[in-house]
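Visitor: Encoded as structure tokens, here's the structure I'll be asking about.
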Amino acid sequence: MAGDFSTPGQSGDHAFSDLNTGDLSADARGATSDRSHLNIENNSRLGRMFWIGFYTTLLNILTLTIFRFWGRTHFRRQLWSDTRVAGEPLEYTGRAMELFIGFIIAIFTFMLPYLGIIYFGQTLLDPGTFLIVIMIVYVILFIVMGVAIFLARRYHLSRTRLRGIRFSQEGSAWGYGFASFGYGILTALTLGWFGPAARINLSRRMWNNAWFGDQKFSFVDTPEAKSEPVYKSFAVAWIGGIVLYLTFIALSIGYGAANGGLFVLIIYGAAIVLGVLFTIFYSWHEAVMIRRILKSLTINDVSLGNRIKAMDILELSITNTFMIIFTLGIGIMPAQMRLWKRIVNAMTVEGELNFADIKQSRSDKPSQAEGLADGLDLISKF
Amino acid sequence: MEYSVITARFFDGESALEHVVTVGFDLEGLSIRSDNNQEQQWFWYYRDVLLVSQSQEEFRLGNGKIEDAILILPHGAEDKINNRMPDLLSGRVQRRRMTGLVIGLVSISALITAGLFVGIPAASGPLARMTPKDYEITMGENFAAQINTFIKPCANADEALSLIEPVINRMAVSGNVGFPIEFQFVRMGTPNAFALPGGQVMATKGLLRVVEDDQEAFMAVIAHELGHVRARDGMQAFYRNAGLGILLEVITGGSGLAQQSIQLSGQINQMRHSRIQESRADETAFEILNEVGINPEALARAFEDITRKVQEREDADSTEEIIQIEKKKKKRRIKIPGWLNSHPNTSNRIKDARAASTPSTTKLFTDKEWTVIQQACATPEPDGVDD
């Protein structure tokens, strides 16, 4: 309970004698919310995000990018508060100083030892031994990348609040790191074909350990989720990618004899056109994967889903790319917002949640922020 | 001050249930009472109240002492809030904090920048001197092996090496260089020579070509490189590059700059030296050349040979380009004095070398021997590629 009502400063003769209901009436809100349908929406405005992107970029230049922790926090606060679940905004409670300190810790516990190995390896070992050492370091690095992704996600959830209730992520960060490494090997050995299964399995691992207060999320292979054409769409993207790659190689060889200027023009032109074509092939698969994962999520009696289309991904990929290029990077945050907004506004929800049943999370807030992910340059989304 | 109350919403941070509450603005804090259950009451001191967010519809307040509880006051409550907590909505505190933050971060950045451009170069000298020589030798061997994957040693230089190595070693001893010298002729057309850490010295095929019969000019360049070896300039360059990369990596976060700079720091193009280092290496060269009986003026001839070669290459470039460069030069009408440039002005170096001139007292190689040395890189290479 949050405090004692009998406190100094309260004068009984006027307490609650002059009721002013303001704009909010009990009728308008209901006495106390109970079961609610979880409509989810985002109403972020592009102008606001551009402003955050603008001053973050400007101050990043002046502060050798140290301001990025503050800029990122401002962006998240805005994006979270623009996202409403059952009419209530999400709240981002993370602090920039946590990110900054997390990053400093990651520098001393991981980045400097890693750079030290590279330094001493290169300068003191013969090339053969150095190659072995560097291969071992890279294996560890790949595992640590998975750990970093998990820790960043745990931090995000623990700093996300709805109706005063925190989200949380449980499970083992190292377990996730080893799993993502193993899946990465399988994906490489199968020339990418294990990739979609890996992504689904890693999402399952994350979501089966995610909580909203004392309510656990579940990742369930519902018939709707399983009906998504994961491998059909992947085949299109994979075959399309191979064909486009071979086309690029053929063009490079075919016009290799052309003079320098013409060759560069052809190669760059081809790269842009083929890049757009690949985005067309890949967009379907990306939309399918987003739907596949979100359709698998349940919490309590509520099942989530999503209606995002390949055209949404395609349109966003192309327009966001141009937006980022033509604004010299200022548009990165607005681009991230547009993707988030499109996904959120395509969410579907079945069932109702009884908020009265949901109690506060018993998980401790992790003190570790996302410094490791920042150090490894894995902070690509929000 | 008139006491007032307002109806609001409240999440207590314990459950997701929304409470409709009546909030009283007391003298010292907010009295919060649930409308449904009179037993549920809270009191928030004004000093603990924080503005979480505000929108056109509402003000969301938190409490610094009570985690996760949120009080949501409707739009229209500004006057009551301002009466009791004048700074809460004004944004003055946030603006002050933001200004302080920006000033603080810009100051830190200025210090880091000073560290990059002053601290690291200044520390590189003492660090190089503190580095154990064995360590530097091993490092130099590794760097040379890495460089040789791109710039191959001349394959048929054994006889030339057997002639030149004893002389170079004698020069190294005379100059008190402090490292055993590992010398290579390398297959590179540009006339140049390099000193890597730990006594690794390379001279290019291009240098052999431009000096032609002037063996003294060639050996003067080698003496200059021995000057870099003695001053451990290669090691300093390594520390400069590695330090810069690590610092930038730490600041920018995962950009890979440190790893790249460490990997590149062993490459030839990163072995640039400062004006002072070049001048010092010239002086060491004069000293060594005098010791072995060669006129230091030979270094001036080497510079002239190299400059001539560079000039010939420029002449071969498009005339239009040169015209454009000349136009730009005239437009600028600013001549950078040698002391401002990171490298000493070549003409000044030539003057210095001429000033140090003393007649040669010996000839290092017979004409026949020099012919053999000149052919170090001339015979067809095993891969048939002529650089």
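Visitor: Might you check whether a residue that is part of a loop (DSSP other than H, G, I, E, B) and out of contact with any helix residue (DSSP H, G or I) (no Cβ under 7 Å at 6 or more places or on another chain) occurs anywhere in segment A:265-282? Give the derivation first.
Guide: Step one: list which residues in segment A:265-282 are part of a loop (DSSP other than H, G, I, E, B), which gives none.
Checked against the condition, which is being part of a loop (DSSP other than H, G, I, E, B) and out of contact with any helix residue (DSSP H, G or I) (no Cβ under 7 Å at 6 or more places or on another chain), segment A:265-282 yields no hits at all.
Visitor: Residues of segment A:210-259 being surrounded by fewer than 16 Cβ atoms within 10 Å (Cβ to Cβ), assigned to a helix (DSSP H, G or I) and small (Gly, Ala, Ser), which ones?
Guide: Correct list: A:Ala235, A:Ala250, A:Ser252, A:Gly254.
Visitor: May I pose another question? Would you be able to tell me the number of residues in segment B:40-58 that are within 22 Å of A:Ser44 (Cα to Cα) and within 49 Å of the chain's Cα centre (by Cα)? Full working, then the answer.
Guide: Initially, segment B:40-58 is screened for residues within 22 Å of A:Ser44 (Cα to Cα), giving B:51-58.
Going one step further and asking which of them are within 49 Å of the chain's Cα centre (by Cα), we end up with B:51-55.
Of the residues in that region, 5 qualify.
Visitor: If only one of A:Glu286, A:Glu315 is out of contact with any helix residue (DSSP H, G or I) (no Cβ under 6 Å at 6 or more places or on another chain), acidic (Asp, Glu) and in a helix (DSSP H, G or I), which one is it?
Guide: A:Glu315
Visitor: May I ask you to say which residue of A:Asp82, A:Asp126 is of a type in the set (D, E, K, R) and farther than 30 Å from A:Ala346 by Cβ? I'd like the intermediate steps shown before the answer.
Guide: Working: A:Asp82 fails: farther than 30 Å from A:Ala346 by Cβ.
Sole residue among the options that is of a type in the set (D, E, K, R) and farther than 30 Å from A:Ala346 by Cβ: A:Asp126.
Visitor: What are the residues in segment B:101-132 that are surrounded by 13 or more Cβ atoms within 10 Å (Cβ to Cβ), within 14 Å of B:Val250 (Cβ to Cβ), over 15 Å from the mean Cα position of the chain (by Cα) and not small (Gly, Ala, Ser), if any?
Guide: Selection gives B:Ile108 alone.
Visitor: What residue, among those in segment A:290-332 that are closer than 22 Å to A:Ser168 by Cα and under 17 Å from the mean Cα position of the chain (by Cα), is least open to solvent (accessible area, probe 1.4 Å)?
Guide: Top of the filtered list is A:Leu297.
Visitor: Taking the stated definitions as given, is B:Ile103 of a type in the set (A, V, I, L, M, F, W, C) and within 8 Å of chain A (Cβ to nearest Cβ)?
Guide: No.
Visitor: To continue, here is another question. Could you say which residue among A:Tyr268, A:Tyr282 is buried (at least 17 other Cβ atoms within 10 Å of the Cβ), more than 14 Å from every other protein chain (Cβ to nearest Cβ) and without any contact (Cβ under 8 Å) to a residue 60 or more places away in the chain?
Guide: A:Tyr282
Visitor: Return the residue satisfying two criteria in turn: it lies in segment B:278-334 and is part of a helix (DSSP H, G or I) and of a type in the set (Ser, Thr, Tyr), and of such residues it is modelled with the highest pLDDT.
Guide: Here is the first cut: in segment B:278-334, the ones part of a helix (DSSP H, G or I) are B:278-292, B:297-316, B:319-332.
Subset that is of a type in the set (Ser, Thr, Tyr): B:279, B:284, B:307, B:319.
Details: B:Ser279: 89, B:Thr284: 95, B:Thr307: 83, B:Thr319: 53.
Among those residues, the one meeting the criterion is B:Thr284.
The values are calculated or read from the model by the stated rules, or taken from the named source; none is laboratory data. Please read all numbers here as calculations on a predicted model, not as lab measurements. Glycine gets a Cβ as well: all are built from the backbone with ideal geometry, and neighbour counts include every protein chain shown. What goes into the accessible areas is simple: the full protein's heavy atoms, side chains included, and nothing from ligands, DNA or RNA. Shrake-Rupley method; radii C 1.70, N 1.55, O 1.52, S 1.80 Å.
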